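Participant: Here it is, the structure in full.
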Amino acid sequence: MLFDDSKPSHVIAHISDTHLLGGNRRLFSTVDIAGNLNRVLDRLRAGDQKIDALVFTGDLADVAEVDAYRWLREQVEPVAAELGAQIVWVMGNHDERIPYSRELFDDESDAVQDRVYDVGGLRIISLDTSVPGYHHGAITDEQRAWLAQELATPAQHGTVLAMHHPPLVAHKPLVRLIELENMDLLEAIVRGSDVRAIVAGHLHYSSFGNFAGIPVSVASATCYTVDLGADKSLLLSAVDGAQSIQLVHVYGDSVVTSIVPAEAYSQVSGYPATLQAMVETMTPDEIREMVSNKTSDFNTAEREQSADLS
(Lines give C-alpha, C1' and ligand atoms only; values in the text may rest on other atoms or scores of the structure.)
Protein backbone atom coordinates (compact mmCIF):
# COMPACT_ATOMS: atom_id res chain seq x y z
CA MET A 1 0.00 0.00 0.00
CA LEU A 2 1.33 3.42 -0.98
CA PHE A 3 2.59 5.54 1.91
CA ASP A 4 1.95 2.62 4.27
CA ASP A 5 4.65 3.90 6.62
CA SER A 6 2.59 7.04 7.27
CA LYS A 7 -0.40 5.19 8.68
CA PRO A 8 -1.44 5.93 12.27
CA SER A 9 -0.97 3.22 14.86
CA HIS A 10 -4.44 3.97 16.26
CA VAL A 11 -7.56 5.92 15.29
CA ILE A 12 -10.02 7.06 17.95
CA ALA A 13 -13.53 8.29 17.25
CA HIS A 14 -14.11 10.88 19.97
CA ILE A 15 -17.81 11.53 20.65
CA SER A 16 -19.15 13.73 23.43
CA ASP A 17 -22.22 15.12 25.13
CA THR A 18 -24.97 13.01 23.61
CA HIS A 19 -27.38 14.12 26.40
CA LEU A 20 -29.82 11.34 25.60
CA LEU A 21 -33.32 11.13 27.05
CA GLY A 22 -35.41 8.04 27.65
CA GLY A 23 -38.37 7.17 25.47
CA ASN A 24 -36.71 8.73 22.42
CA ARG A 25 -37.75 12.17 23.67
CA ARG A 26 -36.22 15.25 22.05
CA LEU A 27 -34.02 17.62 24.02
CA PHE A 28 -35.79 20.94 24.67
CA SER A 29 -38.65 19.21 22.80
CA THR A 30 -36.93 20.00 19.48
CA VAL A 31 -33.41 18.53 19.23
CA ASP A 32 -33.32 15.06 17.68
CA ILE A 33 -30.57 13.77 19.95
CA ALA A 34 -31.12 10.10 19.11
CA GLY A 35 -31.12 10.84 15.38
CA ASN A 36 -27.94 12.89 15.70
CA LEU A 37 -26.08 10.03 17.37
CA ASN A 38 -27.32 7.48 14.86
CA ARG A 39 -26.17 9.70 12.00
CA VAL A 40 -22.72 9.88 13.58
CA LEU A 41 -22.55 6.11 13.97
CA ASP A 42 -23.72 5.59 10.39
CA ARG A 43 -20.98 7.94 9.14
CA LEU A 44 -18.34 5.97 11.02
CA ARG A 45 -19.67 2.68 9.65
CA ALA A 46 -19.66 3.99 6.08
CA GLY A 47 -16.23 5.59 6.28
CA ASP A 48 -12.88 4.14 5.26
CA GLN A 49 -11.24 4.71 8.65
CA LYS A 50 -10.18 1.73 10.75
CA ILE A 51 -11.55 2.80 14.12
CA ASP A 52 -9.79 1.28 17.13
CA ALA A 53 -11.85 2.90 19.88
CA LEU A 54 -15.10 4.79 20.32
CA VAL A 55 -14.51 7.20 23.21
CA PHE A 56 -17.57 8.94 24.67
CA THR A 57 -16.43 11.74 26.97
CA GLY A 58 -19.41 12.15 29.23
CA ASP A 59 -22.88 13.62 29.59
CA LEU A 60 -24.16 10.49 27.92
CA ALA A 61 -27.64 10.94 29.40
CA ASP A 62 -29.18 14.33 30.07
CA VAL A 63 -30.90 13.42 33.34
CA ALA A 64 -29.35 9.99 33.93
CA GLU A 65 -32.42 8.00 32.90
CA VAL A 66 -32.05 4.23 32.80
CA ASP A 67 -33.77 4.03 29.41
CA ALA A 68 -31.29 6.52 27.96
CA TYR A 69 -28.28 4.45 29.00
CA ARG A 70 -29.90 1.23 27.77
CA TRP A 71 -30.73 2.77 24.40
CA LEU A 72 -27.19 4.14 24.07
CA ARG A 73 -25.64 0.77 24.75
CA GLU A 74 -28.03 -0.97 22.32
CA GLN A 75 -27.04 1.44 19.55
CA VAL A 76 -23.30 1.60 20.11
CA GLU A 77 -22.32 -1.98 20.92
CA PRO A 78 -23.32 -3.47 17.50
CA VAL A 79 -21.50 -0.65 15.69
CA ALA A 80 -18.38 -1.16 17.80
CA ALA A 81 -18.49 -4.88 17.06
CA GLU A 82 -18.82 -4.18 13.32
CA LEU A 83 -15.90 -1.74 13.41
CA GLY A 84 -13.81 -3.93 15.71
CA ALA A 85 -13.54 -0.99 18.10
CA GLN A 86 -13.26 -0.83 21.88
CA ILE A 87 -15.94 1.25 23.62
CA VAL A 88 -14.73 3.69 26.26
CA TRP A 89 -17.40 5.36 28.38
CA VAL A 90 -16.58 8.42 30.50
CA MET A 91 -18.67 9.97 33.28
CA GLY A 92 -19.99 13.52 32.85
CA ASN A 93 -21.68 15.96 35.19
CA HIS A 94 -25.13 15.07 33.84
CA ASP A 95 -24.49 11.37 34.42
CA GLU A 96 -25.16 9.60 37.73
CA ARG A 97 -22.83 6.84 38.87
CA ILE A 98 -25.37 4.20 39.90
CA PRO A 99 -27.41 4.01 36.65
CA TYR A 100 -24.26 4.70 34.59
CA SER A 101 -22.35 1.77 36.11
CA ARG A 102 -25.30 -0.58 36.21
CA GLU A 103 -26.51 -0.03 32.65
CA LEU A 104 -23.17 0.35 30.89
CA PHE A 105 -20.97 -2.03 32.90
CA ASP A 106 -23.45 -4.40 34.60
CA ASP A 107 -21.77 -3.48 37.88
CA GLU A 108 -23.79 -1.09 40.02
CA SER A 109 -21.66 1.23 42.13
CA ASP A 110 -21.74 4.76 43.50
CA ALA A 111 -17.94 4.86 43.56
CA VAL A 112 -15.72 6.94 41.29
CA GLN A 113 -15.89 5.56 37.74
CA ASP A 114 -12.23 5.43 36.68
CA ARG A 115 -11.19 2.68 34.23
CA VAL A 116 -8.16 1.69 32.16
CA TYR A 117 -8.31 0.19 28.67
CA ASP A 118 -5.54 -1.42 26.62
CA VAL A 119 -6.30 -0.81 22.94
CA GLY A 120 -3.58 -2.59 21.02
CA GLY A 121 -0.85 -1.19 23.25
CA LEU A 122 -2.40 2.28 23.51
CA ARG A 123 -3.60 2.92 27.06
CA ILE A 124 -6.83 4.89 27.34
CA ILE A 125 -7.71 6.06 30.84
CA SER A 126 -11.30 7.04 31.55
CA LEU A 127 -11.07 9.57 34.38
CA ASP A 128 -14.22 10.46 36.30
CA THR A 129 -14.20 14.22 36.93
CA SER A 130 -17.82 14.39 38.09
CA VAL A 131 -18.77 15.81 41.48
CA PRO A 132 -22.00 14.25 42.83
CA GLY A 133 -24.71 16.87 43.00
CA TYR A 134 -22.75 19.52 41.09
CA HIS A 135 -21.86 20.49 37.53
CA HIS A 136 -18.25 21.58 38.04
CA GLY A 137 -15.42 19.06 37.81
CA ALA A 138 -12.86 17.83 40.32
CA ILE A 139 -10.38 15.02 40.89
CA THR A 140 -10.04 13.62 44.41
CA ASP A 141 -6.78 12.99 46.26
CA GLU A 142 -7.40 9.25 45.91
CA GLN A 143 -7.88 9.58 42.16
CA ARG A 144 -4.69 11.57 41.76
CA ALA A 145 -2.72 8.95 43.68
CA TRP A 146 -4.27 6.19 41.58
CA LEU A 147 -3.54 8.03 38.33
CA ALA A 148 0.07 8.71 39.32
CA GLN A 149 0.58 5.03 40.11
CA GLU A 150 -1.00 3.97 36.81
CA LEU A 151 1.18 6.36 34.81
CA ALA A 152 4.34 5.26 36.61
CA THR A 153 4.58 2.40 34.10
CA PRO A 154 4.58 3.66 30.48
CA ALA A 155 2.37 1.93 27.93
CA GLN A 156 3.68 0.58 24.63
CA HIS A 157 2.09 3.36 22.54
CA GLY A 158 1.59 5.85 25.33
CA THR A 159 -1.60 7.02 27.02
CA VAL A 160 -4.69 8.98 26.03
CA LEU A 161 -6.47 10.54 29.01
CA ALA A 162 -10.24 10.78 28.46
CA MET A 163 -12.21 13.03 30.80
CA HIS A 164 -15.36 15.14 30.69
CA HIS A 165 -14.18 18.46 32.11
CA PRO A 166 -11.23 19.69 30.01
CA PRO A 167 -8.13 21.06 31.75
CA LEU A 168 -8.46 24.31 29.78
CA VAL A 169 -9.82 27.76 30.59
CA ALA A 170 -13.25 28.16 29.00
CA HIS A 171 -13.85 31.07 26.62
CA LYS A 172 -17.12 31.98 28.33
CA PRO A 173 -16.85 33.38 31.88
CA LEU A 174 -20.16 31.72 32.77
CA VAL A 175 -18.74 28.30 31.87
CA ARG A 176 -15.73 28.88 34.11
CA LEU A 177 -18.03 28.44 37.08
CA ILE A 178 -18.41 24.77 36.17
CA GLU A 179 -14.96 23.93 34.80
CA LEU A 180 -12.37 21.59 36.31
CA GLU A 181 -11.07 22.92 39.63
CA ASN A 182 -7.47 22.71 40.83
CA MET A 183 -6.05 21.95 37.38
CA ASP A 184 -2.55 22.48 38.72
CA LEU A 185 -2.84 19.31 40.81
CA LEU A 186 -3.49 17.29 37.64
CA GLU A 187 -0.66 19.05 35.85
CA ALA A 188 1.86 17.81 38.40
CA ILE A 189 0.84 14.22 37.65
CA VAL A 190 0.70 14.21 33.84
CA ARG A 191 3.64 16.47 33.03
CA GLY A 192 6.53 14.31 31.89
CA SER A 193 4.36 11.18 31.79
CA ASP A 194 3.51 9.09 28.72
CA VAL A 195 0.17 10.89 28.28
CA ARG A 196 0.22 11.88 24.62
CA ALA A 197 -3.20 13.48 24.37
CA ILE A 198 -6.13 14.53 26.53
CA VAL A 199 -9.64 14.31 25.09
CA ALA A 200 -12.63 15.93 26.77
CA GLY A 201 -16.10 17.38 26.26
CA HIS A 202 -18.38 19.53 28.44
CA LEU A 203 -18.02 22.79 26.49
CA HIS A 204 -20.37 21.91 23.59
CA TYR A 205 -17.98 23.46 21.09
CA SER A 206 -14.74 22.23 19.55
CA SER A 207 -11.65 23.61 21.25
CA PHE A 208 -7.95 22.86 21.32
CA GLY A 209 -5.19 23.79 23.72
CA ASN A 210 -2.13 22.66 25.62
CA PHE A 211 -1.92 21.43 29.19
CA ALA A 212 1.30 20.42 30.91
CA GLY A 213 2.90 20.14 27.47
CA ILE A 214 0.15 17.79 26.28
CA PRO A 215 -2.29 18.55 23.44
CA VAL A 216 -5.91 18.80 24.57
CA SER A 217 -8.83 18.37 22.18
CA VAL A 218 -12.39 19.12 23.23
CA ALA A 219 -15.07 17.54 21.08
CA SER A 220 -18.23 19.48 20.43
CA ALA A 221 -21.56 17.85 21.22
CA THR A 222 -23.89 15.65 19.21
CA CYS A 223 -26.92 17.16 21.00
CA TYR A 224 -26.69 20.96 20.76
CA THR A 225 -23.72 23.32 20.49
CA VAL A 226 -22.66 26.63 21.97
CA ASP A 227 -22.37 29.40 19.37
CA LEU A 228 -19.20 31.38 20.12
CA GLY A 229 -20.14 33.85 17.39
CA ALA A 230 -23.48 34.74 18.96
CA ASP A 231 -24.66 38.34 19.24
CA LYS A 232 -23.21 40.27 22.17
CA SER A 233 -26.70 40.74 23.60
CA LEU A 234 -26.60 37.07 24.60
CA LEU A 235 -24.54 35.82 27.52
CA LEU A 236 -24.60 32.33 26.02
CA SER A 237 -26.40 30.85 23.02
CA ALA A 238 -27.10 27.15 22.53
CA VAL A 239 -28.16 26.15 19.02
CA ASP A 240 -29.37 23.05 17.21
CA GLY A 241 -26.62 22.99 14.61
CA ALA A 242 -22.91 22.48 13.93
CA GLN A 243 -22.84 19.20 15.85
CA SER A 244 -19.66 17.22 15.32
CA ILE A 245 -17.29 14.57 16.58
CA GLN A 246 -13.53 14.19 16.26
CA LEU A 247 -11.14 11.65 14.82
CA VAL A 248 -7.89 11.32 16.75
CA HIS A 249 -5.03 9.80 14.74
CA VAL A 250 -2.15 8.52 16.84
CA TYR A 251 1.17 8.32 14.99
CA GLY A 252 4.57 7.25 16.22
CA ASP A 253 5.66 10.79 17.04
CA SER A 254 2.50 12.89 16.91
CA VAL A 255 -1.23 13.00 17.57
CA VAL A 256 -3.54 14.68 15.04
CA THR A 257 -7.16 15.63 15.78
CA SER A 258 -9.73 16.40 13.06
CA ILE A 259 -13.34 17.55 13.24
CA VAL A 260 -16.04 15.47 11.52
CA PRO A 261 -19.50 17.04 11.08
CA ALA A 262 -22.37 14.93 12.41
CA GLU A 263 -24.37 15.75 9.30
CA ALA A 264 -23.36 14.64 5.82
CA TYR A 265 -23.53 17.65 3.49
CA SER A 266 -23.97 17.86 -0.29
CA GLN A 267 -20.75 17.17 -2.16
CA VAL A 268 -19.51 19.81 -4.57
CA SER A 269 -16.25 18.11 -5.48
CA GLY A 270 -14.39 14.93 -4.68
CA TYR A 271 -12.54 11.89 -5.92
CA PRO A 272 -13.92 8.35 -6.20
CA ALA A 273 -12.35 5.55 -4.17
CA THR A 274 -11.48 3.83 -7.45
CA LEU A 275 -8.75 6.45 -7.93
CA GLN A 276 -6.75 4.60 -5.30
CA ALA A 277 -6.27 1.62 -7.65
CA MET A 278 -4.67 3.89 -10.25
CA VAL A 279 -2.47 5.58 -7.66
CA GLU A 280 -1.16 2.20 -6.53
CA THR A 281 0.37 1.68 -10.00
CA MET A 282 2.32 4.95 -9.90
CA THR A 283 5.61 5.96 -8.32
CA PRO A 284 5.68 8.63 -5.59
CA ASP A 285 7.28 11.08 -8.05
CA GLU A 286 4.52 10.47 -10.59
CA ILE A 287 1.85 11.01 -7.96
CA ARG A 288 3.49 14.22 -6.76
CA GLU A 289 3.63 15.52 -10.34
CA MET A 290 -0.02 14.67 -10.96
CA VAL A 291 -1.37 16.13 -7.71
CA SER A 292 1.01 19.05 -7.07
CA ASN A 293 1.77 20.42 -10.54
CA LYS A 294 -0.81 23.14 -11.24
CA THR A 295 -0.66 22.45 -14.99
CA SER A 296 -1.13 18.68 -14.83
CA ASP A 297 -4.16 17.23 -16.61
CA PHE A 298 -5.51 16.24 -13.21
CA ASN A 299 -5.42 19.78 -11.78
CA THR A 300 -6.39 21.48 -15.01
CA ALA A 301 -9.60 19.46 -15.19
CA GLU A 302 -10.41 20.21 -11.56
CA ARG A 303 -9.75 23.94 -12.00
CA GLU A 304 -11.98 24.12 -15.05
CA GLN A 305 -14.77 22.31 -13.21
CA SER A 306 -14.57 24.41 -10.02
CA ALA A 307 -14.40 27.76 -11.84
CA ASP A 308 -16.69 26.75 -14.72
CA LEU A 309 -14.01 27.63 -17.27
CA SER A 310 -14.76 24.86 -19.74
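Participant: Got a number for residues in the range 124-139 being out of contact with any helix residue (DSSP H, G or I) (no Cβ under 8 Å at 6 or more places or on another chain) and either surrounded by fewer than 12 Cβ atoms within 10 Å (Cβ to Cβ) or part of a strand (DSSP E or B) (or both)?
Facilitator: So in the range 124-139, the residues out of contact with any helix residue (DSSP H, G or I) (no Cβ under 8 Å at 6 or more places or on another chain) come out as 124, 126, 129, 131, 133-138.
Next, only the ones that are either surrounded by fewer than 12 Cβ atoms within 10 Å (Cβ to Cβ) or part of a strand (DSSP E or B) (or both) stay: 124, 126, 133-134, 137.
Count: 5.
Participant: So which residues in the range 44-63 are of a type outside the set (D, E, K, R) and crowded, with 20+ Cβ neighbours inside 10 Å, if there are any at all? Can you show your working first?
Facilitator: Within the range 44-63, the first condition is being of a type outside the set (D, E, K, R), and the residues that meet it are 44, 46-47, 49, 51, 53-58, 60-61, 63.
Hits for the range 44-63 are LEU44, ILE51, ALA53, LEU54, VAL55, PHE56, THR57, GLY58, LEU60, ALA61.
Participant: Looking at (1) among the aromatic types (Phe, Trp, Tyr); (2) surrounded by fewer than 23 Cβ atoms within 10 Å (Cβ to Cβ); (3) modelled with pLDDT of 95 or more, which is the only condition TRP89 fails?
Facilitator: (2)
Participant: Quick one: in the range 159-198, which of the residues that are at pLDDT 95 or above, among the charged types (D, E, K, R) and in a helix (DSSP H, G or I) is surrounded by the most Cβ atoms within 10 Å (Cβ to Cβ)?
Facilitator: Restricting to residues being at pLDDT 95 or above, among the charged types (D, E, K, R) and in a helix (DSSP H, G or I), the top hit is GLU187.
The values are calculated or read from the model by the stated rules, or taken from the named source; none is laboratory data. Not measured: the values here are computed from a predicted model. Backbone-built Cβ (ideal geometry, glycine too); neighbour counts: all protein chains shown.
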